[in-house]
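What follows is calculated from the coordinates using simple rules that are stated; it is not laboratory data. Since the model is a prediction, treat every value here as computed from it, not as a measurement. Note: ideal-geometry Cβ built from the backbone for every residue, glycine included; neighbour counts use all protein chains shown.
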Amino acid sequence: MPRFSSEKDLESYRHKVAAGRAPDRRAVAVCAGTGCKAFGSAKLLPVFEAELAKASLKGKIELRATGCHGFCERGPLVLIFPAGRLYTKVKPEDVPEIVREDLAGGRVVERLLYRDPVSGKAYEKEEDIPFYMHQQRLVLKNNGLLDPASLDDYLALGGYRALAKAFAMGPEKVLEEVKKSGLRGRGGAGFWTGRKWEICRAAPGPDKVIICNADEGDPGAFMDRSVIEGNPHSVLEGMLIGAFAIGASTGCVYIRQEYPLAVERLGRAVAAAREAGLLGENILGSGFAFDLRIYRGGGAFVCGEESAMIASIEGRRGVPRRRPPYPAQSGLWGRPTNINNVETWANVPWIIDRGADWYRAIGTEKSTGTKIFSLVGKVNNTGLVEVPMGISLRQIVFDIGGGIPGGKKFKAVQTGGPSGGCLPASKLDIPVDFDTLVREGAMMGSGGMIVMDESTCMVDVARYFLNFLKFESCGNCTSCRDGLYQLHRLFTDIAEGRGSEHTLELVEELARTVKATSLCALGSTAVNPVESTLKYFREEILAHVRDRRCPAKVCKALITYTINDKCNGCTLCAKRCPQQAITGTVKKLHVIDQKKCIKCGICLDVCKQDAVWVE
């Protein structure tokens, strides 16, 4: 890799590597993101290498390990270029057939294509699959196209072109372009990015710092991890542009320890950028100097909050502090500090390269661009989706997510992670943007989206998130530390049949107090699951309180297992019961001893006669 001393050097080298990447070249892209690696995708690469050599195709067809393609439900994924053909759930034993039939013979291996779970229709091309067809990918656009370990790949696809353009524009014009784009922070609060940069730039003192928040703490969320794993240079380029606009010479990436693959790939990208002269002194001959360090977080949810993150980087206990001063005034080591999350930084090169007007044309007036969501839960197609702001929840859940498995009914979707709100079916057609979600009692958050069906108990959901948040509270303020503990206790009373309407009054009063008096956003937003559940699913909560009944048949204290007259006396339930709570003889109706029953549900699972009843 040469060391670039000017924009001219960079462009000359870019043309050279791009010439070797003809758009119609033949290639095999194997997803090597964490999700597909968990399914064994790393085992595919050596098998592909061996089979390509056997077929005399080595050197004629490029084999590439890429980042996450997003369709995690169907991994490991293999994408064939230039046809755009996608094979799903590929195993090592499938590779010889792919090479023999497709790569050598030009025939599609139909059994490995994605099939719609409802219609059974097979889709050959990735772009035609509904999961991908309804998305608009910017940040994730190149994840399936480049090797995250290759700076050449990133350069060939236009990488660092926006940085060179930013140097030509000057810091003031870059700042104005970001402000004009309407980009808002993708980490949760949705603050205007350009305005945030402007405040930090205007702060007194020359030693400014920027931080990339990669401490993705929401359960089930993996957007930032996948961006770093799949395209780390896009984040570095965004940080470089931001540092140039703000006037920062130092940067930090705060990433959680549980992301070893992301840490590894980011570290390699940083080393490659330094070697090429894209980090360090006099970058591209501009006179601008910038470098960064990677800091690993211990996995505390509260360290996603800016002041707690700063404390952690400085080696102190990661707890929030009172503001003002804000980090933009006095942050890391007392220096003016700007913090944006991974996805926000990765949007910046697009804005500078293509212009604010182009970016504003995507999304809505006050929520521009796209947003990545981690779509999980009771939905057919789980994974990462990137959609334009303003798309409806219905489009995400049903058009992209493929609807609810098993023909069950949609019940709710929670947006915004553990501090988000649960929205019912009546809200499926609202636009997904920062302001609408907040107005409806939810939030954008970092992009977690959990789908629930009719078998989900909303009391249990609220209790689950309260349990998570009470343990993640730093304990620095009484309202959050003790308030969340007490809210969890009250919801446990409701779930276990000890609740009353007075309990609901206490819940509502305590939720208001925690929201109003907590020191940081963890506490003030932690009550969103509670308030949204009370607002939209109050009748279900009242069923627990008044009738001592769980409509979803989830809360064990409020359900009873019985055996009806469909029982044919097969004895299977009695044999499998861990408590020996079921008695009966062969071909005779069996009976459950309610004193011994622990309500584990094994009898329901093993009964083939539909004879076990839950009420």
For region 424-492 versus region 1-62, the gap between their alpha-carbon centres in whole angstrom: 42
Karplus-derived 3J(HN,Hα), 6.51/-1.76/1.60, for each residue of region 596-613, Hz, glycine and proline x: 8, 5, 9, 6, 7, x, 5, 4, 5, 5, 8, 5, 9, 9, 6, 9, 8, 10
Mean Cβ neighbour count within 10 Å, used as a protection proxy, ranking 442-451, 496-505, 173-182 highest first: 442-451, 173-182, 496-505
Cα-based shape type of the chain, given that a ≥ b ≥ c are square roots of the gyration tensor eigenvalues and the cut on a/c is 1.5: oblate
Estimated distance in nm for a label pair at residue 189 and residue 579, the labels positioned 7 Å out from Cα along Cα-to-Cβ: 4.9
Approximate spin-label separation residue 91-residue 38, in nm, with each point projected 7 Å along Cα-to-Cβ: 2.0
Cross-link table 409/566; 378/596; 180/535, entries beyond 30 Å C-alpha to C-alpha: 378/596; 180/535
Karplus 3J(HN,Hα) series, Hz, for region 518-527 with 6.51 cos²θ - 1.76 cosθ + 1.60 (x for Gly, Pro): 6, 5, 10, 5, 4, x, 5, 9, 5, 8
Prolate/oblate/rounded label for region 458-546 (Cα gyration tensor, a/c 1.5): prolate
Mean Cβ neighbour count within 10 Å, used as a protection proxy, ranking 160-166, 84-90 highest first: 160-166, 84-90
Residue 186 long-range amide H proximity, modeled H, under 5 Å: 341, 344
Whether region 159-360 is rounded, prolate or oblate, judged on the alpha carbon gyration tensor where a/c under 1.5 counts as rounded: rounded
Pairwise label distance in nanometres, residue 127 with residue 564, each label 7 Å out on the Cα-Cβ vector: 5.2
Ranked 410, 301, criterion: other C-beta atoms within 10 Å, fewest first: 410, 301
Fraction of beta bridges assigned by DSSP in the chain that are antiparallel (%, nearest 5): 55
Whole-Hz couplings from phi, Karplus 6.51/-1.76/1.60, listed for region 377-390; x for Gly and Pro: x, 8, 9, 5, 10, 9, x, 8, 10, 10, 9, x, 4, x
Centre separation in Å (Cα based) which lies between region 192-269 and region 69-125: 35
Ranked by how many other beta carbons lie within 10 Å on average, peptides 262-274, 588-600 from highest: 262-274, 588-600
For residue 422, residues with placed amide H under 5 Å, excluding near neighbours: 532, 533
Other-chain or far-sequence residues with amide H under 5 Å of residue 328's (modelled H): 337
Calculated FRET efficiency for the pair residue 517/residue 173, C-beta based, R₀ 51 Å, to 0.05: 0.75
Inter-part distance where region 379-420 and region 144-164 are each reduced to a Cα centre, Å: 31
Percentage relative contact order, the chain, counting C-alpha pairs under 8 Å, at least six apart: 12
Set of lysines near residue 141 by C-alpha distance (under 18 Å), chain-local residues within fewer than 8 positions excluded: 125, 371
Sparse-neighbour loop sites [GluC sites (Glu not before Pro); region 68-127; at most 13 other C-beta within 10 Å; DSSP]: none
